[in-house]
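Step one of this worksheet: look at the structure below.
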């Protein structure tokens, strides 16, 4: 998902470079920090007061995903320094990667980046699991699916085989950081929605400018993916407590 950032007003926190309806962002030296908003910081959007969903969980999932990718692949991602909760806000502190967004390149340059990106996507597909969700077990469906439902807690049945592959699920051009001279990918960022899902969840949004959801005449698969997730929801088991029949009292003699 591409978030529209607004610059901070004069007198805001030191190092804060932008704020959205969901997050605050900071650059301090070699560190890039994003954190969830505290309740008093919630802002009003076109639909009224915006209460961020899964604000803490999505950052926890991103931290776990970045650590997992660094441990199991050679895909370039920022180093995670730490993540923690403080005063009602969750912080994710990572390496600040110098470069330019793929979205700022001309089309011939983007073609070079896509070629390298295909190799990284092939690597992701080698990471498999029987369970859906992130490496720590948190399930954050892709934004295009999440906006179709109010469900925030997903308990999904595992498969009997490794049918799910690791997906970024927000792979837009804005989330691919490139060296402007060599055109090598320096980092793939924003793994909040990442995890193990069917391969079809990884839609190639990097092929054009724009958000990680259908635009114009593109096929919108969000309801199809939501139906799939709903079909895998694990129902709570029914109570197995049995009612013990009480012995009948003999009829009173008259």
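The values are calculated or read from the model by the stated rules, or taken from the named source; none is laboratory data. Since this is a predicted model, take the numbers as computed values, not measurements. Methodologically, a virtual Cβ is constructed for each residue, glycine included, from the backbone with ideal geometry; neighbour enumeration extends over all protein chains shown.
Screening the stretch 95-204 for strands (runs of 3 or more DSSP E) wholly inside it with 3 or more residues that are closer than 18 Å to residue 69 by Cα returns the ranges 164-167, 185-188, 195-197. Regarding the stretch 217-226, can at least one residue be identified that is in a loop (DSSP other than H, G, I, E, B), touching a strand residue (DSSP E or B) at 6+ places or on another chain (Cβ under 7 Å), surrounded by 15 or more Cβ atoms within 10 Å (Cβ to Cβ) and modelled with pLDDT of 95 or more? No, the stretch 217-226 contains no residue that is in a loop (DSSP other than H, G, I, E, B), touching a strand residue (DSSP E or B) at 6+ places or on another chain (Cβ under 7 Å), surrounded by 15 or more Cβ atoms within 10 Å (Cβ to Cβ) and modelled with pLDDT of 95 or more.
Here residue 209 qualifies as at pLDDT 95 or above, in contact with a helix residue (DSSP H, G or I) (Cβ under 7 Å, 6 or more places away or on another chain) and surrounded by fewer than 16 Cβ atoms within 10 Å (Cβ to Cβ). Could you list, in sequence order, the residues of the stretch 47-102 that are free of Cβ contacts under 8 Å to residues at least 40 places away in the same chain, under 21 Å from residue 165 (Cβ atoms) and surrounded by 15 or more Cβ atoms within 10 Å (Cβ to Cβ)? 63, 70, listed by residue number. Flag set for residue 199, criterion: loosely packed, with under 14 Cβ neighbours inside 10 Å and touching a strand residue (DSSP E or B) at 6+ places or on another chain (Cβ under 6 Å).
When only residues in the stretch 31-46 that are at pLDDT below 95 and assigned to a loop (DSSP other than H, G, I, E, B) count, which is surrounded by the fewest Cβ atoms within 10 Å (Cβ to Cβ)? My answer is 46.
The set of residues from the stretch 172-187 being surrounded by 19 or more Cβ atoms within 10 Å (Cβ to Cβ) and closer than 15 Å to residue 115 by Cβ comprises 173, 176, 178, 185. Which of the residues belonging to the stretch 14-30 are outside any loop (DSSP other than H, G, I, E, B) and either more than 13 Å from residue 96 (Cα to Cα) or touching a strand residue (DSSP E or B) at 6+ places or on another chain (Cβ under 6 Å) (or both)? Within the stretch 14-30, 16, 17, 18, 19, 23, 24, 25, 26, 27 meet the criteria.
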